[in-house]
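Beneath this line is the structure, given in structure tokens, with notes to follow.
Only the coordinates and a few stated rules stand behind these numbers; no lab work does. Here the structure is a predicted model, which is why all the values come from computation and not from measurement. When we count neighbours, we look across all protein chains shown, and the Cβ atoms used for this are built from the backbone with ideal geometry, even at glycine.
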Amino acid sequence: MQYHMCITQIINRSKRILFSIINKNSFYSIMDKPIVTVKQGKLQGIFEENVLGSRYIAFKGIPFAAPPVGKLRFKDPEPPAAWAGVRDASRNAGSECIQLTSLPNPTLIGSEDCLYLNVFIPENIYGTKRNPVMVWVHGGGYFVGSGNDTDKRPDYLLAKGVILVSINYRLGALGFLNLDHEIASGNQGLKDQAAALKWIKENIETFGGDSNNITVFGISAGSSSTHLLMLSPLSKGLFHKAILQSGIATCNWAVLKNKPEDNGFRLASLLGNDSKDPEKVVEFLQTVPASEIVATQYKIFDLEQRIINIPFRPTIDEKAKTPFLPRPISQLLHDDNDIPIMLGSTSYEYIMFLKDTSENTLKTQYEDLPRKIQTLTDSEDPQKIMQLTERAKQWYLNNKPFTEENIPSLLRLLSDIYFDIAIKTFTDKRRKRKQAPAYLYKFSYIGNEMTTTRLNGNKLALCGASHTDELSYLFYIPKCKVNDPKPPAVNSKDRKILEILTTMWSNFAKTGNPTPAFDQHINTIWPPATADAFNCLDIGDTLQVLTVTDYDYILRDSTL
């Protein structure tokens, strides 16, 4: 037995050496230390064990832009510098963007020097060419999150034969400060994402990826960012498909529409500078430690979460020398990057955000309904807002107040307001314009895997699938696996969902079709939403194709 194991190891090692000889201009391996040559220099990665039983190659902490520090703070990303020798890419040398975590007891983590990405390659395609590429854009409300594998590991998706790239980008005020002036025009975090895609397009072939088959996908703010990348002239042609999970550009929290400079001047004032001159404010803010900017920006948040309020987020930046969003979203939607998309939401997105169900909180939520409804429309007309509010109360609540008994109705209403109305309205318009295929889904599965919502102790976590719950079946999430580090058992329902999700997501990345054929995991064909049929795939205990009706987004008129 030991003899045969040794022979197998020698054969596998020989294969890798053979691959290195075949691809000596780009890829070679010495003693399990893979080295790749990109435009800036050589990178040395590392082999890592996949929790599903195989191995993959990881290249971590690769700079795709210059460090955005000093005079480059609030500026567009600059190209990365070249380096001599071999750069160690075996660990997360590139930290996540500086941020506060674990509210209400915040901890400062990360660094302002954060423009790095990671490339992960399954061992079984190591040394081959033209493999499909999936680029992950993390979520976190534009102010927290990370693309590092300490946050989410790519093990599950890598088992499906795709190359996965994850990126970091500037967050909060450091990534989205807009003073309505060329000197601070906003959207630096989005321009970071575009710079990462440009770097990937230029370098991914040397890792074995296909530069003409790149799929960008993300969740929440990572998903709305992905949609904004579809709309921006700066990222046209840099990717070919997109997966939008629980967030698009027309969600009422995705883009700040009115007077973004107010939050920037307020931040400067809180830090000690009351000037309204953008140039003086930027000069001042460039001298303030990044940690103070990050800590102070939270004073502008609505920490009571009565409405989802994100003070520093994407904006229309027509004042920029090179605008990312040069025109209003409604106009950009008519000239988007017309590529195949998958998009959808969970059955009860708002579970994550409803952390308190006390009588007083439910009363406050009910009283705030007009303010929440107003976020769906550009109208300032009190009569229209009241009409929409009354329609919502009648349709969702049968004109009853919020109580513990009708919490499911509350969750449905708020999930629609912040996620589903925008997603379904956008899909409806797109299918009628007969653009590239759009595959709509609803993730409703409730399993046994630990999710972020459950980890945070949310009492409603078993009421339905919450915001981001599907990530526990697409990625191996270390913080969710502390007490149970093994992946779902092979014959379990959770493993079945894991296999279904990763198969459909990777199929889409490979072919533009999530279900090109039946296989051992897929027994239902997922049709796109077309002008003739508003199809939606429900991903629950089984896969079921449903038809979206007008009543599924009764408040849609408010977004027109």
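Here are a few things to note about the model shown:
- Pairs of Cα atoms in segment 39-338 fall into 20 Å distance bins, from 0 up to the last occupied one, in shares of 36, 56, 8 percent.
- Rg and Dmax of segment 464-512, both derived from C-alpha coordinates alone, stand at 11.9, 37 Å.
- Counted by Cβ distance under 14 Å from Leu440, the other residues give a net charge of +2, where Lys and Arg count +1 and Asp and Glu count -1.
- Scaling against 2.2 N^0.38 Å puts the C-alpha radius of gyration of segment 416-507 at 1.27.
- Over segment 340-560, the reciprocal of the mean inverse Cα-Cα separation, the Kirkwood hydrodynamic radius, stands at 18.8 Å.
- Paramagnetic reach from Lys459 in segment 385-419 [backbone N under 17 Å; point 7 Å along Cα→Cβ]: 402-411
- Debye, to nearest 20: dipole size of the chain, +1 on Lys, Arg Cβ, -1 on Asp, Glu Cβ: 1420
- Whole-angstrom gap from segment 79-108 to segment 172-225, using each part's C-alpha centre: 16
- Based on the convex hull around the alpha carbon atoms, segment 246-360 presents an average projected area of 10.5 nm².
- Net length gained if the chain between Arg91 and Leu108 were fully extended (0.36 nm per residue, minus Cα distance): 4.0 nm
- Extension gain, Glu359-Lys236: 0.36 nm per intervening residue step, less the Cα-Cα distance, totals 39.4 nm.
- Net charge contributed by nearby residues that have their C-beta within less than 14 Å of Asn507 (K/R +1, D/E -1): +1
- Computed over the alpha-carbon atoms, segment 57-105 gives an Rg to Rh ratio of 1.07, Rh here being the Kirkwood radius from the mean inverse distance.
- Cα point-scatterer Debye curve for segment 34-189, base-10 log of I(q)/I(0) at q = 0.10, 0.16, 0.21 Å⁻¹: -0.40, -0.93, -1.33
- Linear extension gain, Glu202 paired with Glu405, 0.36 nm per residue minus alpha-carbon span: 67.5 nm
- Taking 14 Å as the cut-off, the amide N atoms of segment 72-101 that come nearer than this to a point 7 Å along the Cα-to-beta-carbon line of Ser291 belong to 98-101.
- Pair Asn124, Lys71: separation of 7 Å Cα→Cβ label points (nm): 5.2
- Set Lys71/Lys319; Lys257/Lys384; Lys198/Lys321; Lys198/Lys432; Lys198/Lys241; Lys42/Lys201 screened for pairs whose C-alpha atoms are more than 24 Å apart: Lys198/Lys432
- Estimated FRET transfer efficiency when R0 is 51 angstrom, pair Lys259-Val490 (beta carbons, to 0.05): 0.40
- The alpha carbons of the chain stretch over 78, 59, 46 Å along the principal axes, in descending order.
- Backbone phi angles across segment 67-81, fed through the Karplus curve with coefficients 6.51, -1.76 and 1.60 (θ = phi - 60°), yield HN-Hα couplings of x, x, 10, x, 6, 8, 5, 6, 9, 4, x, 9, x, x, 7 Hz in residue order; Gly and Pro are listed as x.
- Net +/- balance of residues flanking Thr150 in space, Cβ distance below 13 Å, scoring K and R +1, D and E -1: +2
- When you count the other C-beta atoms within 10 angstrom of each residue and take the mean per peptide, 122-135, 355-368, 211-224, 409-422 line up highest first as 211-224, 409-422, 122-135, 355-368.
- Peptide ranges 289-295, 259-265 listed from the most packed, as the mean C-beta count within 10 angstrom indicates: 259-265, 289-295
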